[in-house]
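To start, the structure under review is shown below, and the notes come after it.
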Protein chains: 2
Amino acid sequence: MKKFINSIDTLLDESLLGVAKAHADIIKLNKQPRFISRNNPTKPGKVALISGGGSGHEPLHTGFVGIGMLDAACPGQIFTSPSPDQMLAAAQTVENGGGVLFIVKNYAGDVMNFEMAGEMLDCPNAAVLVSDDVSLPKTHSTGRRGVAGTLIVEKIVGAAAEQGFDLATCKALGDKVSQATASMGVALHSCTLPALGKPSFIISDNEMEMGVGIHGERGHETINLTSATEIVEHIATLINKDLNPQKGQTVLLHVNGFGATPLMELYLIYDLAAQFWEKRGIIIARSLVGNFTTSLDMTGCSITLSLMDEDLLKLWDAPVHTAALRWGC
Amino acid sequence: MKKFINSIDTLLDESLLGVAKAHADIIKLNKQPRFISRNNPTKPGKVALISGGGSGHEPLHTGFVGIGMLDAACPGQIFTSPSPDQMLAAAQTVENGGGVLFIVKNYAGDVMNFEMAGEMLDCPNAAVLVSDDVSLPKTHSTGRRGVAGTLIVEKIVGAAAEQGFDLATCKALGDKVSQATASMGVALHSCTLPALGKPSFIISDNEMEMGVGIHGERGHETINLTSATEIVEHIATLINKDLNPQKGQTVLLHVNGFGATPLMELYLIYDLAAQFWEKRGIIIARSLVGNFTTSLDMTGCSITLSLMDEDLLKLWDAPVHTAALRWGC
């Protein structure tokens, strides 16, 4: 295993020091328990938005803390849920009279720990569960996983909270966006977890893993490597079946890299996905292409479609200033 | 070789379609000859800024076309210089009465072709040569290569051109920034060129390549894999020797990923590099961490230091709206 690290044990903390230092104008680090929060005060009464999850998906979530998006993010160890005390400390720090909204990717550990933090918190709080991964059926025992669609929920609810929407409205908005968002991923090579020292799964040179999550877990099937056009057709068809957008529907199309896929290929995938929906009369009003919800050094990508309307587009376009998403500021 | 492509021959064109479509609000694609240019008119008399080079380094340069940065970018095939007719067509399209400034990474093919384009162009034009790679001695036969520091030149000269600086002033500014910028890279694994189908070089599991360029070429030495702290010490010492910043000097510190290095590790490298210069009394006034000058799927990173003053910082901070760098817009 080759990594730019000093030791596996200190990787997360050393990396967080860098995140906080490189973006000291907008965020700061609380070392114990670990969380990143905004550097600048928010308006009293603003709903405090907090997310978190295992590390290794950067820039998600620390890269989304700042004006117009999250108030705090709690990073767990790599692919490991943060603990309730991190979430509680973050919430107590950023709560500003408007209550706390947790945005939680649907994984058992994350869900349980955010629930515990919510119970311990002595202010109004709620949670939005993101479960956009359509590679699993809706009836899956623990529900669908939360993947790259999470950032869309965080951006839109973040803008709403910044504009003074109350807790119940932010929660309802988050649920609405989450339900209108579907994603699916594919990998050519898995990632190497530092603690494991080798790829989490190995497939042959003519295979790919369809329906992968973001933790190096296997997908729903291993199939023969095929053309980009066929890969996109496969994924987009499943997403389309799930969301069933009608002709004239406005959408946001997000192609996300898992960490080691060249941007050239991500843009190629984006164009093919755009063609897929344009052919069906769907209007791609906004686009996002790049590495936002990564899986360490996994070679792969995901496609996310999110149904939009005028109000959601305005919230998406609202000013944001974070490490990883920035416009209008 | 596993890639998300349809064919090696169509990869570049299909990818450019995606770039143009995803950022249709700011840029457009000319298919034949290939160049990306701004979608919105510029002020008459503005110096037109054009860069280009082999593809595979995305977002460089196409991702830097837009308000406050480039007027056009000419992508060659992967790791191959664009042709003079691309540069000429781009220049004729975006020239707006203020002349043309080419920003050229120092590689023989790029330099020769931009020179030819300049000779064919019937308007005032000049070129800034970027040669920030300190892994080669200043006396190297073809000079030092241009690597990740190029984006700093493009951003600062881009802001100056937007503000109405004339051609001679933009050229002098570009030369000044270029000379005040030093970079060096290290790789753990090389990249796989689609046309080659295998990594451009192979090193063992306990080795790394020090002083790599961005084209999959070998570095100046293959050394044993060591800790991140030692790697940063090695690179930063060489950069420091070259630029020799004095105590109290203001700088921009840029840690660039080559494509497949997790952001966690890039931020860790950033923190160590920042410590290196902070210890020496250097003031890190601006930072940039991420994958900006990539080498397809190479696992590696580079560190760039650029000496700043108040005027340069203002130009760095000026509004920019491109696919890959955006603030203030």
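Residues of the stretch A:308-329 losing 10 Å² or more of accessible area relative to the isolated chain, 1.4 Å probe, heavy atoms only? Going by heavy-atom accessible area, the residues of the stretch A:308-329 that drop by at least 10 Å² are A:R326, A:W327, A:G328, A:C329.
The residues of the stretch B:255-284 listed by number as losing at least 20 Å² of accessible area in the complex, against the isolated chain and with a 1.4 Å probe, are B:G259, B:A260, B:P262, B:L263, B:M264, B:E265, B:Y267, B:L268, B:Y270, B:D271, B:E278. Would you please calculate the Kirkwood hydrodynamic radius of the stretch B:240-329 over all C-alpha pairs and express it in Å, rounded to one decimal? When all Cα pairs of the stretch B:240-329 are included, the Kirkwood radius is 14.0 Å.
Computed from the Cβ-Cβ distance with R0 of 22 Å, the FRET efficiency linking B:D9 to A:S227 stands at 0.95.
Compute the Rg/Rh shape ratio of the stretch B:94-196: radius of gyration over Kirkwood radius, all on alpha-carbon atoms.
For the stretch B:94-196, the value is 1.02.
Within straight-line reach of A:K171, meaning a Cα separation under 30 Å, sit the following lysines at least 8 residues removed in sequence or on another chain: A:K28, A:K31, A:K43, A:K46, A:K105, A:K138, A:K155, A:K241, A:K247, A:K314. Across the alpha-carbon atoms of the stretch A:68-148, the computed radius of gyration and Dmax are 13.2, 39 angstrom. Compute the label zone of B:Q246 within the stretch B:166-195: residues whose backbone N is under 17 Å from the point 7 Å along Cα-to-Cβ. Residues passing the 17 Å test: B:180. Under the simplified labelling scheme, the B:R280-A:K43 pair shows an inter-label distance of 4.6 nm, with each label point 7 Å from Cα along Cα→Cβ.
The Cα-based radius of gyration and maximum Cα-Cα distance (Dmax) for the stretch A:1-145 are 15.3, 48 Å. Rg/Rh for the stretch A:165-253 (Cα atoms only, Rh after Kirkwood) is 1.10. Only one residue of B:T299, B:L225, B:V47 has its Cα farthest out toward the positive end of the dipole of chain B, where Lys and Arg carry +1 and Asp and Glu -1 on Cβ, and that residue is B:V47. A Cα-only calculation for the stretch B:30-92 places Rg and Dmax at 11.1, 34 Å. Interface of B with A. Using a 1.4 Å probe and counting protein heavy atoms only, the two chains hide about 4900 Å² of accessible surface, both sides summed. Rolling a 1.4 Å probe over the heavy atoms of the protein chains gives the stretch B:216-281 an accessible area of 37 Å² per residue.
On the stretch B:243-329, 46 percent of the accessible area sits on carbon and sulfur atoms, based on a 1.4 Å probe. Treating r as the C-beta distance of A:T237 and A:L196 and R0 as 30 Å, the FRET efficiency rounds to 0.35. When a 1.4 Å probe is rolled over the protein heavy atoms, the share of accessible surface on the stretch A:33-85 that falls to carbon and sulfur comes to 57 percent.
Calculate, for B:M116 and B:Q32, the FRET efficiency according to 1/(1 + (r/R0)^6) with r their C-beta to C-beta distance and R0 25 Å; round to the nearest 0.05.
After rounding, the FRET efficiency stands at 0.85.
Considering only beta bridges that DSSP places wholly inside the protein assembly as shown, some 55 percent are antiparallel. Take B:T10, push a point 7 Å out from Cα through the beta-carbon direction, and compare it with the same point in every other copy: 5.1 nm, smallest first. Dipole orientation for the protein assembly as shown: of the candidates A:S141, A:P199, B:G248, B:G248 has the Cα lying most toward the positive pole (charges on Cβ; Lys, Arg +1; Asp, Glu -1). Comparing chain B with the 2.2 N^0.38 Å rule of thumb, its C-alpha radius of gyration ratio is 0.94 (two decimals). Over all directions, the projected convex hull of the C-alpha atoms in the stretch B:181-316 averages 8.2 nm² in area. Panel values: the protein assembly as shown, Kirkwood radius from alpha carbon pairs, Stokes-Einstein at 10 °C and 1.306 mPa s, translational diffusion coefficient 64 µm²/s. Model label points for A:A168 and B:E310, set 7 angstrom from Cα along the Cα-to-Cβ axis, are 5.4 nm apart.
The values are calculated or read from the model by the stated rules, or taken from the named source; none is laboratory data. Note that the structure is a prediction, hence the values are computed from the model and not measured. Cβ coordinates were reconstructed from backbone atoms using ideal geometry, including for glycine residues, and neighbour counts include every protein chain displayed. Surface areas here come from the heavy atoms of the whole protein model, side chains and all, with no ligands, DNA or RNA. Shrake-Rupley method; radii C 1.70, N 1.55, O 1.52, S 1.80 Å.
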